[in-house]
Structure formats: structure tokens, C-alpha cells
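Asks: Take a look at the following structure, please.
The values are calculated or read from the model by the stated rules, or taken from the named source; none is laboratory data. Please read all numbers here as calculations on a predicted model, not as lab measurements. FYI the Cβ positions are ideal-geometry reconstructions off the backbone, even for glycines, and counts take in every protein chain you see. Note: areas computed on protein heavy atoms with side chains; ligands, DNA, RNA excluded. Shrake-Rupley method; radii C 1.70, N 1.55, O 1.52, S 1.80 Å.
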Amino acid sequence: MRTGQTHLFNPGPTNVPDAVRQAMTLSPQAPRPGDLGQLALGLCADLKRVFKAGAGQVMVFPGSGTSAWEAAITNTLNPGDKVLMARHGQFSTLWVRMAEMLGLVPIVVDLPWGASTPVDAFERILGRDVHDEIKAVFVTHTETTTGVVSDVAAVRRALDSTFHDALLCVDGVSSIGSMDFRMDDWGVDLAVTGSQKGLMMPAGLGVLCISPKALEASRAATLPRAYFDFADTHAMAADGGFPGAPPPSLLHGLRAALDRILAEGLEAVFARHARLAEGIRRGVQAWGLDLVAEHHSYCSDTVSAIRVPDGVDAREVLRIAYEEFNASFGAGLGPLNGKVFRIGHLGDFNEGMALNALSLAELALMRAGAGVVPGSGTGAAQAWFAKGAPQTFAVAAE
Ligand SMILES: *Cc1c(COP(=O)(O)O)cnc(C)c1O
């Protein structure tokens, strides 16, 4: 029997606000024809604001982020196309694997987990590709397994400085809606996200933003696709239609989630994430522990991956947190399993939750034998949060 509140500090699925939960509780009664179409049209218009996309088109599919990856690839590329990718965490690794499974030929830059997208290496490879054989460049905006952010704008500059025509595809599953993302300014052609991270929803929707150039590419692309076909969806999207049954409760939930994001204001949402993330990082530093991110400038504002000390098993930290303190943290994935635990600080998150995450992690670390001083992490975060009122706070000031 578990009493009291359950604490969810996963980087996905994230906490679902009550307003979103209530919006998803629908009577099974069929909506009037056209109602859901109107709802979907409004969602796509507001999602465009979140992507900061003027031109281009948003498409929402029943599925998860992974399904949106597949839609992005199969709609815009051809069998045997070369694509440029970095492998520096579990999600970028899976994306490479999917590209191979779908018949692309990835040129992969392998990096230590904790590194960011290697813009210089990308620029060299693009510069040598004088015949534009590389058809797309893939960037994982936040590598959720390592808590590392990549500089999408710098990858755009690398494409421009080499006069390269490849599509720029970005996995923003764990960043879009929580961190600044600029479809137009960064010249992104395909941006992908899912419902259960920054958008504060349960899993179930894959979301794509598609530039005019990528829509154009989709007309000639020959990889097979059916359900996710952009042309079919594009035609239906004019009146908010879906390729199959629309998922009403998820659409109503997304409406409530976007209402919250837009009411807070996008820039305020990003500033809140930056402030909370810095509090978490200061806590980790006060424990004397290291982040997986190799450099401070690579730290994502949505998730922190924390190395436990030698001799401590991170799986034990997770087990104690879960079984004894009713708190769920993210596990270390792949080669980081047993070495790392993760705190998700994205979506519906505030100072109290950040302090709670640090204090329960402190408890679990202590019980697992890590020499962490009680209150050290929470104290450092409190000192940071005490520096200024949220509205007037500028992280850059330090
Ligand atoms: C969660 C995640 C995915 C996978 O998305 P699903 O919705 O689980 O299919 C892909 N990329 C990143 C960066 C993620 O964080």
C-alpha cells in the first residue's frame, strides 16, 4: 500500500496537469461531424506557434514520437539515400537504426555519450560532399539519455556555409514546448515531437512540423508509406481530418495543454525551464556528482543525467526511490545503465517539484551508500531559487 502522493520525475512520460486530465475525460457520445476537425485545425495553428513556424505545415498522427520519425523519413527520402547522423545516446542510436531499417545509408559520426552534435565534423563532411549526395542531416535537439542539447542553428550555418542542400531534420521530442525552438529561423525542414514530454500529455500523439521545402521533397520521395503519407494527410488536413479514426480525448487534452503553454507565454515557459534546470544542476554540483553532459554549455534545460559515485549502483538508487519513497526517476539507458539516473524537469514543473526531486534523490543516494550530505543539493537549489522572483529572473545574469 502506497500512501500519499506519487512523485514523477521522469523525462517522459511527464506530469499531466489536472486541467489536461479533465479535458481528456470525455463522454463516449459521438461528437458532431466537423467538431473534431475544427479542434484539430486550431491545434495545428497553435502548434505552429510552438514550433515558431510561419510557413509550412503541422501534422498530428496517432502514434508516438517514434512514429513521427518514421513519417519524416519515409515521406521525404528515397531508398539508398545518404543521410548524416551523430550517435551520442540511446535516441540518436535508435534513429540511426530506423534509418538503416528503412533503407537509408547513414553516415554516422560516433561520439561519447555526453557529447553534443559535432558541428565541425558535420561541416567538414558536408563540405566534401560536393555532389550533394547527402540528402538529409539529422539532429537530436535534446538527447534525453544524456541530458545534452545540440545547437541546431549552428548545424544550419554549417549547411549554409557549405552551400549544401540537404534537409535538416530535428528530433525535438524532449525539447519542443519546453525549450526555444525556431523552425523558421533555424531553417529546419522536419521537426518531430511527441505528446508525453514537453506537451504534458500521455503518450499517443506524434507531431511533425514540415517546411515547404520538405513538403516539396515529399512529392518526389519514393520510400514506401501509407498511413503516414503526407499527401493524403495534407489533403485531409484542410478540414482537420485524420488518416483513420481521430483520437478525441488526446486532441482535447492537447487543446488544454496548449492553452496552458500559450497562457504562460512561450518565452516565460522557456525561462522557467532554464531557471529550474539550473537549480537542479547546482544541486548535483553540491552533491559532488557529475553530469553526463561533457560541458556546461551542453546541458539541456529539460533533463539532467547524473552519474552516481563509483561503487554505487544507480539501479539501487532507482529501486530505493521507487519502493521506499514512491518516487520515479529516469534510469540510465544502454551503456549508462547502473551508472546514471536522470531527473526530468520539463513540462508541468515548478520549484517545489525540483526541490522534492533533489531531496528524494538525496535520500535514495544516501540509502544506496553514496556519501551525499543531507540537504546539500536542496540547499544549493534553494539558494539559487531565492536569488530572484521568477518573473524578473535572468539566468544569463550570472
Ligand atoms: C522519448 C524520445 C523519443 C521517442 O519518442 P516516443 O514518443 O517514446 O516514441 C525520441 N527521441 C527523443 C529525444 C526522446 O526523448
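Asks: Apply the a/c threshold of 1.5 to the C-alpha gyration tensor of the chain and tell me whether it is rounded, prolate or oblate.
Replies: oblate
Asks: Between VAL105 and ARG49, what is the FRET efficiency for a Förster distance of 25 Å, r being their Cβ-Cβ separation, to the nearest 0.05?
Replies: For VAL105 and ARG49, the calculated efficiency is 0.10.
Asks: If one takes the longest principal axis of the Cα atoms in the chain, at what angle in degrees, from 0 to 90 and to the nearest 10, does the Cα axis of helix 35-51 lie?
Replies: Once rounded, the angle reads 70 degrees.
Asks: Want the number for ASP120 to MET236: 0.36 nm per residue separation, take away the alpha-carbon distance, what's left?
Replies: Full-extension gain reported as 37.6 nm.
Asks: Right, another one. Can you list residues from other chains, or at least 5 along the same chain, whose modelled amide H is less than 5 Å from the amide H of CYS299?
Replies: VAL149
Asks: Which far-off residues, 5 or more places away or on another chain, put their amide H under 5 Å from the one on LEU111, with H placed in the peptide plane?
Replies: Counting only residues 5 or more places away or on other chains, the set is ARG87.
Asks: Could I ask something else about it? By DSSP, what percent of the beta bridges with both residues in the chain are antiparallel, rounded to the nearest 5?
Replies: 50
Asks: Let me ask something additional. What are the ³J(HN,Hα) couplings of segment 58-66, residue after residue, when phi is run through the Karplus curve with 6.51, -1.76, 1.60 and θ = phi - 60°? Round to Hz, x for glycine and proline.
Replies: Going residue by residue, I get 9, 10, 10, 10, x, x, 10, x, 4 Hz, with x marking Gly and Pro.
Asks: Compute the Cα gyration tensor for segment 1-95, then decide on rounded, prolate or oblate, letting a ≥ b ≥ c be the square roots of its eigenvalues: rounded whenever a/c is under 1.5, prolate when a/b is larger than b/c in the other cases, and oblate in all that remain.
Replies: The shape class here is oblate.
Asks: Would you please give the FRET efficiency between GLN285 and THR25, computed as 1/(1 + (r/R0)^6) with r the Cβ-Cβ distance and R0 = 25 Å, to the nearest 0.05?
Replies: Details: r = 42 Å, r/R0 = 1.68.
Efficiency, rounded to the nearest 0.05: 0.05.
Asks: By how many nm would the segment from ASP310 to GLU264 lengthen if fully extended, with 0.36 nm per residue of separation less the alpha-carbon distance?
Replies: 12.4 nm
Asks: Calculate the spin-label point distance for ALA203 paired with MET98, positioning each point 7 Å from the Cα along the beta-carbon direction, and give it in nanometres.
Replies: 1.2
Asks: Excluding residues on the same chain fewer than 8 positions from LYS52, give the aspartates and glutamates whose Cα lies under 13 Å from its Cα.
Replies: Counting by Cα, and skipping residues close in sequence, LYS52 has these aspartates and glutamates nearby: ASP180, ASP184, ASP185, ASP189, GLU267.
Asks: Another question about this same structure. Counting only heavy atoms of protein chains, what accessible area per residue, in Å², does segment 101-227 have with a probe of 1.4 Å?
Replies: Per residue, segment 101-227 has 35 Å² of solvent-accessible surface.
Asks: Counting helices only, and only those DSSP H runs with n ≥ 4, report the 222 nm mean residue ellipticity of the chain as the sum of -39,500 (n - 2.57) divided by its residues, in deg cm²/dmol to the nearest 500.
Replies: -13000 deg cm²/dmol
Asks: Then there's this: Compute the relative contact order of segment 241-398 as a whole-number percentage, counting only Cα pairs closer than 8 Å that sit 6 or more residues apart in sequence.
Replies: In percent, rounded to a whole number, it is 27.
Asks: Would you list, by chain and number, the lysines whose Cα falls below 25 Å from the Cα of LYS82, excluding same-chain residues fewer than 8 positions away?
Replies: Here the lysines satisfying the reach criterion relative to LYS82 are LYS135, LYS213.
Asks: How far apart, in nm, are the 7 Å Cα→Cβ label points at ASP229 and SER297?
Replies: With each label point 7 Å from Cα toward Cβ, the separation is 4.6 nm.
Asks: A follow-up question, please. Once fully extended, how much extra length lies between HIS131 and ASP165, figured as 0.36 nm per residue of separation less the alpha-carbon to alpha-carbon distance?
Replies: In short, 11.2 nm is gained.
Asks: Apply the Karplus curve 6.51 cos²θ - 1.76 cosθ + 1.60, θ = phi - 60°, to the phi angles in segment 154-162 and return the couplings in whole Hz, x for Gly and Pro.
Replies: Per-residue couplings from phi come out as 5, 5, 4, 4, 5, 5, 5, 5, 9 Hz.
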